[in-house]
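The values are calculated or read from the model by the stated rules, or taken from the named source; none is laboratory data. Here the structure is a predicted model, which means the values were calculated and not measured. Virtual Cβ from ideal backbone geometry, glycine too; neighbours counted across all protein chains shown.
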Amino acid sequence: MAIKLGELLLQEHIITPEQLDEALKNQALFGIKLGSSLIEMGVISDEQLCHFLSSTLGVPAVTPRAMTSVPPEVLAQVPAELAGKYRVVPIRIEGKKLTLAMADPTDFKASDEVSFVTGFIILPHFAPDVRITSALSKYYQLRGDIRYILAEGDIANRRRTALSAETVTTEEKVVFPMTGENGEPLNVEVPFEFEGFATLPDYEDYQTVEFSAPDHYSAEQLALDFASAKDRDQIGTAFAKYLGQEFTTSALFLIRDNMAVDWRSVVSGKLVEESHQLTIPLNKPSVIRDTFASGQFSMGILAQTPENSRLLTFLQLPPDAPLLVMALVMQTKVVVIVVVAGGLATLDKRLQEVQKLAGKAVMAFEILIIKNKIMQT
């Protein structure tokens, strides 16, 4: 984005340098926008962010209600590909003018291209990225990164809890189904403006993907890909590609709150379909919990616990399959858990190699954080 949100918020003393540093880390690790990271941290609400940027940029803000009631004939003016490319949502048409909700109203390239394609004069309006994501999902069936969607859900639930019973009526809520740890159905309510979460589209990134290539994917190429990665998903994909090639069965788990969330899992050279659905709680006995607590690694056959069984079943492994489970630590904080399967002799022989690559992955994350900080301050 052209907007240097971090610098603007620091100048107005709305956030502290320490809060910005933490938000930038979350942005790099979890792939969400800086503003959404700050909202998720509870540093600022989405309404406050919307009002602040609207006032600072001198651009009108789009109301949540307007984002949830766009006429079909208005949506038809902006193709899905263009809306997704620039993360914009058409709101209304007045004569020859088209009101466009944008996370970055200063993105003149986006305004110019939408104007060229539609033939309308563009009136940029500001909307937080969290609302843009919801609208793109609802109207264009354009998916957001699953962990970004989960972060948005957390924000929505926080807003719902904060609102009084008098201001939130039954009609202003929607319910979408989820499944608990034991498979029991759950109905989760969110405010009406987040209705897009109720009908999330399929996630193409989690369909089966072939990692095979004509040439062997070397550790040297992996290091180069780490160094040139533009976001954390490029780091994860490169790491998963290499581990899946070398070990055939592997998984990367992101640590979020009190859960380990599956990020990239490879079985027999293929990305596991819908791998994002597996979560391992960190308050129940498992090798994931123990590795998170120690910040080290473990190697061998897993103890028989329900969570270990879920992990093995998910990775299509027998109960006696040896695993190497390793923590990626950034500044004393475990951010990723790496899991690979193989014979004990193979795992022991390649332990130092995996440790070295894990260290490079951590450095790649740190580079992303530094880049984000340069861009936002």
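Details
- Looking across Gln296, Gln331, Gln316, one residue alone is within 25 Å of the chain's Cα centre (by Cα) and closer than 25 Å to Ala238 by Cα. It is Gln331.
- Flag for Phe108 being closer than 26 Å to Gly119 by Cβ and among the aromatic types (Phe, Trp, Tyr): yes
- Restricting attention to the stretch 57-76, the residues that are in contact with a helix residue (DSSP H, G or I) (Cβ under 6 Å, 6 or more places away or on another chain) and surrounded by fewer than 16 Cβ atoms within 10 Å (Cβ to Cβ) add up to 0.
- When the stretch 3-28 is limited to residues that are among the polar types (S, T, N, Q) and at pLDDT below 80, the one that is surrounded by the most Cβ atoms within 10 Å (Cβ to Cβ) turns out to be Gln27.
- Selection count where residues are out of contact with any Ser or Thr (no Cβ under 7 Å at 6 or more places or on another chain) and either modelled with pLDDT of 90 or more or of a type in the set (A, V, I, L, M, F, W, C) (or both), scope the stretch 227-240: 5
- Top-ranked residue in the stretch 260-283 [being of a type in the set (A, V, I, L, M) and at pLDDT below 90; ranked as nearest to the chain's Cα centre (by Cα)]: Val261
- Unmet criterion (only one of (1) touching a strand residue (DSSP E or B) at 6+ places or on another chain (Cβ under 7 Å); (2) at pLDDT below 90) for Arg65: (1)
- Qualifying positions in the stretch 316-347 - among the charged types (D, E, K, R) and at pLDDT 90 or above: Asp320
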